[in-house]
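So the structure is just underneath, and the comments pick up after that.
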Amino acid sequence: MKKIAIYPGTFDPITNGHIDIAKRSVRLFDKLIVAVLNNPKKTPLFTVNERVELIREVLKDEVTIEVDYFNGLLVDYANKKQGCAIIRGLRAISDFEYEMQMSLINRRLNPNIDTFFKMPSEEYTFLTSSAVKEIASLGGSVAGLVPRVVEKALKDKFKHISVIQFEV
Ligand code: ADP
């Protein structure tokens, strides 16, 4: 039976830290599904479709990585996809408490699905999608933090947003 892992997240947008975790994880499983959470409580910069398309473009050479999106409970989605594992990244102690709580809740909801934590390469331990958006919105360079295609998408997004604000 194939071992399938789910790497869920907001990915707004995908960064080199996320890519590092995905590439480290895929070696351990037959298939990795990078799953974008469609969370109605959050107001992301990129739509779910834009996020999925960016991830597909960035990971197109990884033949055992699939990109998808989901609504609702992660364990239900993992079950539907026949996943046996959830992958999460741990950057610092600050991630730990929330991640531990989520993994224990998910284990309670479905004891057959285990959460695995991966640490990124140290150069990405400070990297968050929020920081990337903040830098890009202020016209700073995010080169080296995100792939080129994401850099371009951020530029386009903020160009558009500043035009709208200017017109208003
Ligand atoms: P979420 O809203 O689910 O935290 P994110 O897109 O911010 O979604 O992150 C998805 C997963 O990737 C989380 O487990 C997060 O800890 C991890 N992650 C985010 N940035 C990094 C990074 N720079 N290095 C390693 N893991 C990361």
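The values are calculated or read from the model by the stated rules, or taken from the named source; none is laboratory data. The structure presented is a predicted model; accordingly, all values stated were derived computationally and were not measured. Here Cβ is always computed from backbone atoms with ideal geometry, including for glycine, and neighbour counts include all displayed protein chains. SASA here: full protein model, heavy atoms, side chains in, ligands and nucleic acids out. Shrake-Rupley method; radii C 1.70, N 1.55, O 1.52, S 1.80 Å.
Of the residues contained in the stretch 20-35, one or more are found to be within 11 Å of the ligand (Cβ to nearest atom), surrounded by 18 or more Cβ atoms within 10 Å (Cβ to Cβ), under 9 Å from the mean Cα position of the chain (by Cα) and over 18 Å from Y124 (Cβ atoms). Pairs meeting the criteria (first residue in the stretch 124-150 and within 12 Å of the ligand (Cβ to nearest atom), second residue assigned to a strand (DSSP E or B) and of a type outside the set (A, V, I, L, M, F, W, C), beta carbons under 9 Å, at least 6 apart or on different chains) are Y124/G89; S129/G9.
Of all residues in the stretch 29-43, none satisfies being touching a Ser or Thr at 6+ places or on another chain (Cβ under 6 Å), in contact (Cβ under 8 Å) with a residue 40 or more places away in the chain and within 20 Å of V132 (Cα to Cα).
Scanning the stretch 3-13 for residues that are more than 8 Å from the ligand (Cβ to nearest atom) and either touching a Pro at 6+ places or on another chain (Cβ under 6 Å) or not in a strand (DSSP E or B) (or both) yields K3, P13.
The residues of the stretch 108-122 that are away from the ligand (no atom under 16 Å from the Cβ) and open to solvent by 90 Å² or more (accessible area, probe 1.4 Å), listed by number, are R108, L109, P111, N112.
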